[in-house]
Amino acid sequence: MSMDRETACRIYSLLLKKYDDPGSPRTFLEFENPYQILVLTILSAQTTDRNVNAIRNEIFERFPEPEDLAKARTEEVEAIIRSLGFYHAKASHIIGTARSLVGRFGGRVPRTMEELLTLPGVGRKTANIVLNHAYGIDEGIAVDTHVRRVSGRIGFSSHPDPSRIEHDLMRLFPVEVWGNLNYLLIRHGRAVCTARNPKCSECPVRPDCAYYSLHSNCVEPRGSIRPRRAHGRPETLQTHSSR
Ligand code: SF4
């Protein structure tokens, strides 16, 4: 990791300025309590938050408390979450998690990383999201596909592995901004630094972006840039000077 903290904080300030909409929710999943954000985050693997939000009413009307989900028939849960993909595994995970909450934690969602990681289907990303959104605890930084991609392009981390990326982000940024950093990188990844065609011409952080610096001069005849492989994945960048 070559980026220094001063540059990282400057980038953070620019992203904050761009995406700090007063009153906008800081989460993308619609939840009302720790149990709901835990279940929804497990279900959000390999699908969009919009898809998960679309089934949230049905799942929590049918299983409003961990005790209800712990007693659920697998087939009934699968029928509700089928649209999310991987529904066999996800049903098993959320039922198993509910049984653990009831059996080992008195029906409550635990408040520590160590305990959360014992639940089926819960890794560091899910645990970080639950701790931050449910309890305001910042023990780490959730690294999803947007955080991973944007962090790699900007130069916060040169690693493809989420746990190494999280480690690099935690070294670069003070703990006070960890939760908000996840939010800002996801917003940026969705709106500007998109997977297929990052909109570098609209991006406020391009003066400090490693990806932009590396690729902005490689303009091909038709005005597009075909970057070299970045972190093992071929990507196409729309030039900031497209003609
Ligand atoms: S300059 Fe381009 S690649 Fe860099 S963060 Fe902005 S949109 Fe992403």
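Test residue 50 against the stated conditions and say whether it is surrounded by fewer than 17 Cβ atoms within 10 Å (Cβ to Cβ) and of a type in the set (Lys, Arg).
Values: surrounded by fewer than 17 Cβ atoms within 10 Å (Cβ to Cβ): yes; of a type in the set (Lys, Arg): yes.
It is true that residue 50 is surrounded by fewer than 17 Cβ atoms within 10 Å (Cβ to Cβ) and of a type in the set (Lys, Arg).
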Inset, instruction - Return a yes/no flag: does segment 113-128 have any residue that is within 22 Å of residue 20 (Cα to Cα), surrounded by 18 or more Cβ atoms within 10 Å (Cβ to Cβ) and in the same structural domain as residue 63 (by TED's automatic domain parsing). - result: yes
Legend entry - Residue match in segment 178-201 (condition: within 19 Å of the chain's Cα centre (by Cα), more than 9 Å from the ligand (Cβ to nearest atom), under 19 Å from residue 158 (Cα atoms) and of a type in the set (Gly, Ala, Ser)): yes
Inset, instruction - Output the qualifying pairs, or none if there are none: Cβ atoms under 9 angstrom, residues six or more apart or on different chains, first residue in segment 53-65 and in the same structural domain as residue 77 (by TED's automatic domain parsing) and over 22 Å from residue 107 (Cβ atoms), second residue surrounded by fewer than 17 Cβ atoms within 10 Å (Cβ to Cβ) and among the hydroxyl-bearing types (Ser, Thr, Tyr). - result: 54/83; 55/83
Inset, instruction - Starting from segment 194-217, take each residue that is closer than 19 Å to residue 18 by Cα and list its partners that are among the hydroxyl-bearing types (Ser, Thr, Tyr), counting only C-beta distances under 6 angstrom and pairs at least six apart or across chains. - result: 200/212; 206/212; 208/7
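Quick one: which residue in 122, 130, 150 is of a type in the set (A, V, I, L, M), under 16 Å from the mean Cα position of the chain (by Cα) and within 16 Å of the ligand (Cβ to nearest atom)? Lay out the reasoning, then the answer.
On the way: 122 fails: within 16 Å of the ligand (Cβ to nearest atom); 130 fails: within 16 Å of the ligand (Cβ to nearest atom).
Only one candidate passes the filter, namely 150.
The values are calculated or read from the model by the stated rules, or taken from the named source; none is laboratory data. Fair warning: this is a prediction, and the values are worked out from it, not measured in the lab. Because the Cβ atoms are built from the backbone with ideal geometry, glycine has one as well, and the counts that use them run over all protein chains shown.
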